[in-house]
Amino acid sequence: MIMPDRNYHESSRAHVTGAALYADDISNIGNLLHGCVQASTLARGTLCALNLERVRQSPGVVAVLTAADVPGVNDLSHLPDGGGEPLFIEKEIVSEGQAVFAVIADSLDNARQAAKLAVVEVEPSSAVITINQAIDADSKIAPSRKIKVGDSTRAIDNSAFQINGSLYTGGQEHFYLEGQISIAIPKESGAMTVIASTQHPSEIQSTLALLLGVSSNSVTVQTRRIGGGFGGKESQGSLCAGVAAIAAQLTSQPVKVRLDRDQDMIMTGKRHDFRIDYKAGFDNDGLIRGVSLDYASRCGHSLDQSKAVNDRALLHADNAYYLENATLTSHRYHTNTTSNTAFRGFGAPQGMLGIERVIEEIAFTLQQDPLDIRLANLYRTPNRSVTPYGQEFDSKVLVRIIGELTEHSEYRSRRKKIRRFNQGSPVIKKGIALTPVKFGISFTAIHLNQAGALLHIYRDGSVQLNHAGVEMGQGLHTKILRIVQDILTIERSDIRIMATNTEKIPNTSPTAASAATDLNGMAAASAATVLHDRLIKVASHRLDLPEAELSLSDGFLHTGDKPIMSFNELVNEAYLQRVSLFATGFYRTPDINFDPDSFTGSPFYYYANGAAVSEVEVDLLTGEHKVNRVDILHEVGQSLNEEIDKGQIEGGFIQGMGWLTMEELVWNDQGVLQTHSPSTYKIPTCRERPSIVNIDLLRDAPNQVESIYRSKAVGEPPLMLSISVLHALSDAISSVANYRICPQLNVPATPEHILESVQRVEKLGLASV
Amino acid sequence: MSLTHEIKFTLNGSPVSLTIPLTMSVLTMLRDLLNLTGTKYGCGEGECGACTILIDGVSVNACLKFAVDCDGRTLTTVEGLVADSRNDPLRTAFAEKGGVQCGFCTPGMVMQARHILDNYPRANESQIKRGIEGNLCRCTGYKKIIETIASVGELDNKG
Ligand code: FES
Ligand code: FES
């Protein structure tokens, strides 16, 4: 299908010709210096001595930076309570990959060569690396959080059946194709402009102000586009930006800092890995009477966004199921590893895995189709509709999705077929699973749910559009252009979308939480509407006609069907009448509230729902698997751009599949990351793509709350549809003991983990015969 | 000082002669010396395909090749495809079919697609998959990229 022109990715033509500029491509900067950051190779210890004499003498070196060279506060944490995350190590080393010093030279090569000449003396001390070590050491980085409804202990004890177990989920490297990079350009009177690859220009701005010891109005951060973010550029950009800005201030020359790929993988935070301990009680009907889920996550060496990530895990511990008696606890652990951060889904995927495992365990115990257990436990209005944190969830749409998907994927009959296939196939085992997703939309930090836009119309009728969101491939700019275009009724080519810039929109929220279109779309619509109304007023004044009889369409002012003057003429008329041709728009999400201390409220403006059926086959000899077919039915409300939404669904699904089945981060005992390059850390290639992927958007399902065009957010929710792959693998593995034993498959389900699980199921299966 | 060497080659149809350090990669030469930034640095170790270009019509990772090895050869980068109208359908299809999200892998994908279509003008899905196996994309999940290349193959053959 060919999309109508206005629906193409706004930069697609620039991308296919190589003309789309990323930070690293900006070349017309004179006297550019290059920075190389030297990272700690030790996970924990003391920095005893740092001799940088030979580094300074090395050819091309202009400056060498250490903690002592930070003019302001040596901290990247961007937290009100501050501390905990120095840009440069001062004395204490708390993780591999922390910056020790930086070399600034006339070329990246010279900077790198020079960095090797440093003499760094360190004294190692014992480090806490794994989640289990952290639990044993009780090394909490933040207080635990708990949601309690009913009495889970009693409910579990009084149930006919009890299950319990643990589940480990690995982390995930973002592997944005464009790595971390910033260029700092010093301006007059101590001002600094930074071009950064970031999802959060305003945070870079305020972090730099702190580092440089200036106020925010001296720092401008701009971002035209980034080559992928996925959460990895929400807070992590301040390392490169910080080094570049300090160096630029010191040398009065522009400085670029780009991490090389391996450094990027070693130094920057990743998805949180979890251990989830679960206990549940249920009766013959499969209904969960009581459940306790204990989440322990590895936060790494600093807090970063770990509180919010773990909060969201807890807020999605129910996934789509009503929990009458539940104790949901989240423990946040400090470890001497890289500081884990935001990653598409922001804790929710891990949150959901726990309860989905419980569902699976129940199904195995009762020898039923897990889908039936899911259906039995699903939220239902009116009596089973309140989440553990007290927000009402109307499950109508989700029930509809599961119903329609079960039908058109032919889940039931395929499941039977697969069971027959497995009986006759000793080595290759197939499996199938359907899993639902209910994902809450809004930042749980309520204050972040705001956005701004700034629209300029010039005398020739051309428009500049600024808003607070960052284009990172999700199609945000394309969607927002469409909104403004619809209101002003001009061609897309008449609107130029500008780089996201703290000079244009201040105090922006990160482009995250799937909410960028919801927030910025509303802000842009409001600015465009203000200008639209002003123009109508101008016309009414000039033509002496009531406003109600005038309208804009197809780039013309109309009365009734009759075009009177072009948009451009009208704009010029407004100018001559001395009417302002620029406007700001602002939006704040209504009706949300959340108290993170009591963990209650209605933090989400709405939920985005979906479900997926995955079919896999596992080779019992090698542990390798293939995903044969995926059927997805997902809700995007009234889509702003169907092809972009489908692209998000597909891309999110594959990224989730990568996390669940193949992407494995391995640290050695000393806390040194072993999988720090694309040759050892494997993300999905086109080979891993399932042979059949059917993606459908739920039809006739406008958002029930007032969102931009009644659309729904789509960035993160589809990632969790990939949980169906994990459960299909589990289904396939369990066939080796005739579907009686829960494989308790850990994440990622690599061939090794699959083989372990197969052996476990075989052993327990034999024992139970 | 590192040793330098003078090389002559054809770049996007024009002759180039350049003195380069012996250790310089083709990627650095293109980006830093010739200001052709369409070819991207993704990993610098031959694993991602963001730096794919054609040398004598064959796709290679520019980050792995030494610039000295370009002497006497013919290089085509994504910028060079623009001049050849034969590539219009390919670029249009990428733009129109949603094969582009963040776009960082796109120039490399386009170059690899050219290579595939030159070898298999009617490339089927498995040939396309084999062809772009070395080109990572973190955004799209590949579906639309595969469809794009397949559709151009069909188009080329019709037209
Ligand atoms: S940059 Fe050359 S393959 Fe990644
Ligand atoms: S479009 Fe972002 S990596 Fe391919």
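The values are calculated or read from the model by the stated rules, or taken from the named source; none is laboratory data. Keep in mind that what you see is a predicted model, and the values were worked out from it rather than measured. Don't worry about glycine lacking a Cβ; one is built from the backbone with ideal geometry, like all the others, and counts go over all protein chains shown. The protein model used for the area step is the full one, side chains on, heavy atoms only, and it has no ligands, DNA or RNA in it. Shrake-Rupley method; radii C 1.70, N 1.55, O 1.52, S 1.80 Å.
Summary table below
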{"quantity": "Relative contact order (percent, whole number), chain B, Cα cutoff 8 Å, 6+ residue spacing", "calculated": "23"}
{"quantity": "List A:297, A:218, ordered by accessible area with a 1.4 Å probe, largest first", "calculated": "A:218, A:297"}
{"quantity": "Rg ratio (alpha-carbon, reference 2.2 N^0.38 Å) - chain A", "calculated": "1.00"}
{"quantity": "Separation between Cα centres of region A:46-106 and region A:556-610, rounded to whole Å", "calculated": "45"}
{"quantity": "Long-range amide H partners of residue A:141 with built H, under 5 Å", "calculated": "A:332, A:333, A:334"}
{"quantity": "Residue mean of other protein chain beta carbons inside 10 Å, A:101-110", "calculated": "1"}
{"quantity": "Per-residue HN-Hα couplings for region A:126-143 [Karplus 6.51, -1.76, 1.60; θ = phi - 60°; Hz; x = Gly/Pro]", "calculated": "6, 10, 9, 10, 8, 5, 5, 4, 5, 5, 4, 7, 6, 8, 6, 9, 7, x"}
{"quantity": "Residue A:768 - accessible surface, heavy atoms, 1.4 Å probe, Å² rounded to 10", "calculated": "60"}
{"quantity": "Full-extension gain in nm, residue A:493 to residue A:139, via 0.36 nm per residue minus C-alpha separation", "calculated": "121.9 nm"}
{"quantity": "Dipole magnitude of chain A about its Cα centre (Cβ charges: Lys, Arg +1; Asp, Glu -1), debye to nearest 20", "calculated": "760"}
{"quantity": "Diffusion constant of region A:281-344 at 37 °C, which comes from Stokes-Einstein with the Kirkwood Cα-pair radius and 0.692 mPa s, µm²/s", "calculated": "248"}
{"quantity": "Principal axis box of region B:84-158, alpha-carbon based, largest edge first, Å", "calculated": "31, 23, 18"}
{"quantity": "Label-reachable residues, region A:248-291, where backbone N falls under 15 Å from a point 7 Å from residue A:151's Cα toward its Cβ", "calculated": "A:290-291"}
{"quantity": "Full-stretch length increase - residue A:161, residue A:119 - with 0.36 nm per residue and alpha-carbon distance subtracted", "calculated": "8.9 nm"}
{"quantity": "Proximal charge balance of residue A:67 [Cβ under 10 Å; K/R count +1, D/E count -1]", "calculated": "-1"}
{"quantity": "Reachable lysines, given that their alpha-carbon falls under 16 Å from the alpha-carbon of residue A:187 and they are not under 8 places away in the same chain", "calculated": "A:256"}
{"quantity": "Accessible area buried at the A-B interface, both sides summed, 1.4 Å probe (Å², nearest 100)", "calculated": "4100"}
{"quantity": "Probe 1.4 Å, all protein chains present, accessible-area order of A:500, B:10, largest first", "calculated": "B:10, A:500"}
{"quantity": "Sequence of B:122, A:482, A:699, A:380 from largest to smallest accessible area, 1.4 Å probe", "calculated": "B:122, A:699, A:380, A:482"}
{"quantity": "Within straight-line cross-link reach of residue A:140, lysines at Cα separation under 23 Å, skipping those fewer than 8 residues along the same chain", "calculated": "A:91, A:148, A:270, A:279, A:307"}
{"quantity": "Dipole moment magnitude, nearest 20 debye, region A:450-588 about Cα centre, only Lys, Arg, Asp, Glu C-beta charged", "calculated": "360"}
{"quantity": "Candidates B:23, B:106, B:37, ranked by Gaussian network fluctuation over chain B, Cα under 10 Å, top entry", "calculated": "B:23"}
{"quantity": "Those lysines that a straight Cα-Cα span of less than 26 Å connects to residue B:129, excepting residues fewer than 8 apart in one chain", "calculated": "A:429, A:430, A:626, A:646, A:682, B:40, B:65, B:97, B:143, B:144, B:158"}
{"quantity": "Phi-based couplings in Hz for region B:86-98 (Karplus 6.51, -1.76, 1.60; Gly and Pro marked x)", "calculated": "4, 8, 3, x, 5, 5, 4, 5, 4, 5, 7, 8, x"}
{"quantity": "Exercise: per-residue mean of other protein chain Cβ atoms within 10 Å, A:173-179", "calculated": "6"}
{"quantity": "Surrounding net charge for residue B:13, when Lys and Arg each add one and Asp and Glu each subtract one, Cβ distance under 12 Å", "calculated": "-2"}
{"quantity": "Per-selection Kirkwood Rh - region A:450-588 (Cα, Å, 1 d.p.)", "calculated": "15.2"}
{"quantity": "Spin-label pair residue B:133/residue A:529, simplified geometry with 7 Å Cα→Cβ offset, distance in nm", "calculated": "5.4"}
{"quantity": "Inter-centroid distance (Cα atoms) of region A:735-755 relative to region A:419-434, Å", "calculated": "13"}
{"quantity": "Length added when fully stretched, residue A:41-residue A:132, from 0.36 nm per residue minus Cα-Cα", "calculated": "30.5 nm"}
{"quantity": "Computed label-point distance, nm, for sites residue A:187 and residue A:564 using a 7 Å Cα→Cβ extension", "calculated": "4.2"}
{"quantity": "Relative contact order (percent, whole number), region A:429-480, Cα cutoff 8 Å, 6+ residue spacing", "calculated": "20"}
{"quantity": "Peptide-level mean, for B:127-134, of C-beta atoms on other protein chains within 10 Å", "calculated": "2"}
{"quantity": "Sites matching GluC sites (Glu not before Pro) across region A:384-479 that sit in DSSP coil, with at most 16 neighbouring C-beta atoms within 10 Å", "calculated": "A:410"}
{"quantity": "Whole-percent carbon and sulfur share, accessible surface of region A:470-580, 1.4 Å", "calculated": "47"}
{"quantity": "Probe 1.4 Å - accessible area at residue A:736, Å² to nearest ten", "calculated": "40"}
{"quantity": "For chain A: accessible area per residue (Å², 1.4 Å)", "calculated": "35"}
{"quantity": "Enclosed volume per residue, in Å³, of the convex hull spanned by Cα atoms of region A:46-180", "calculated": "191"}
{"quantity": "Around residue A:665: net Lys/Arg minus Asp/Glu count, Cβ-Cβ under 10 Å", "calculated": "-2"}
{"quantity": "Inter-part distance where region A:268-317 and region B:1-77 are each reduced to a Cα centre, Å", "calculated": "48"}
{"quantity": "Inter-probe distance in nm under a simple model that places probes 7 Å from Cα toward Cβ, at residue A:250 and residue A:400", "calculated": "6.0"}
{"quantity": "Under Karplus coefficients 6.51, -1.76 and 1.60, residue-wise ³J(HN,Hα) of region A:158-175 in Hz, glycine/proline x", "calculated": "7, 7, 5, 10, 10, 10, 7, x, 9, 9, 9, 10, x, x, 7, 7, 5, 6"}
{"quantity": "Length-normalised contact order for region A:450-588 - Cα pairs under 8 Å, 6+ apart - percent", "calculated": "36"}
